[in-house]
Amino acid sequence: MNDTKINVSIRFDTLVKALGHTVSSFARALGYERSDKLYNIQKGKYFPSFDILQDITKNFVDVNIDWLITGNGDMFKTCTTPLLKDDQTTVAIGTRSDKNEGIPLIPIDAMAGMLSGDDHSIMEYECEYYVIPMFKGAEFLIQVKGDSMRPQYYSGDIVACKRLPLDTFFQWNRTYVIDSEQGVLIKKVEAGSDNEHILLVSENKEYRPFEIAKEKIYSLALVIGVVRAE
């Protein structure tokens with residue numbers, strides 16, 4: 001076993017745990033019936049094959065594959081970029097007439113029920129559209145309100161989101177936009193007391209974590225980045 005394989009196996013094990021999985025459950029999340037190949041990667045016997053890397057990218061869009069293979073960069077792609085100042089070239093490119101370009105900025109008050117809809121439901125709103133090249137895969141933007149997620153997200157920040165199916169495997173400690181019976185929530189997700197619940201956690205310690213039943217979630221999206229005003 002060489003040092004490169006050892007390093008990849010360590011990062012692979014770290015990634016699986018960061019996503020809230022065991023190797024067996026991670027294999028199921030990738031659609032595999034058997035987990036032998038993944039255990040061999042964890043033990044440092046083999047490098048991840050191209051097919052495995054492709055499956056990880058497809059099922060966990062925010063995982064940085066370059067980090068897994070080389071150790072360069074961060075484990076996840078989520079990043080922060082400053083919003084351009086008023087005296088610079090604006091990143092806004094128009095309203096609904098320019099809907100074929102950019103990512104729509106959706107009012108959070110109008111989010112309820114929209115996450116489960118198709119692109120047409122988003123187009124019903126007069127949205128501004130933004131070109132943010134680093135947020136490939138983002139389907140919409142929303143503005144953060146309140147201080148429950150400080151210091152990770154501040155009121156006024158704009159988060160980029162990707163819609164996910166309700167039967168998705170949650171990545172523990174990742175931030176989601178959740179359309180629920182309690183309204184639209186932006187929270188970190190951790191394991192609940194049983195398989196039927198998840199724990200919603202605020203970054204601001206003044207807000208206590210609380211559980212929500214999965215059946216009370218109408219739709220959800222993964223936060224993949226944030227635009228922060230200077």
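Bear in mind that the values in this text are calculations on the coordinates, not laboratory data. Note that the structure is a prediction, hence the values are computed from the model and not measured. Please note: Cβ atoms are built from the backbone with ideal geometry, for glycine as well, and neighbour counts cover all protein chains shown.
Being among the acidic types (Asp, Glu) and not in a strand (DSSP E or B) is the filter; apply it to region 165-192 and report the residue that is surrounded by the fewest Cβ atoms within 10 Å (Cβ to Cβ). Spell out how you get there, then give the answer.
Residues of region 165-192 that are among the acidic types (Asp, Glu), as a first pass: 167, 179, 181, 190.
With not in a strand (DSSP E or B) added as a condition, the list becomes 167, 181.
On the way: ASP167: 6, GLU181: 11.
For region 165-192, the residue satisfying everything is ASP167.
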Residues within region 126-147 that are part of a loop (DSSP other than H, G, I, E, B), in contact with a Gly (Cβ under 7 Å, 6 or more places away or on another chain) and over 17 Å from VAL63 (Cα atoms), tallied: 2
Search result, residues across region 47-60 that are assigned to a loop (DSSP other than H, G, I, E, B) and surrounded by 16 or more Cβ atoms within 10 Å (Cβ to Cβ): PHE47, PRO48, PHE60
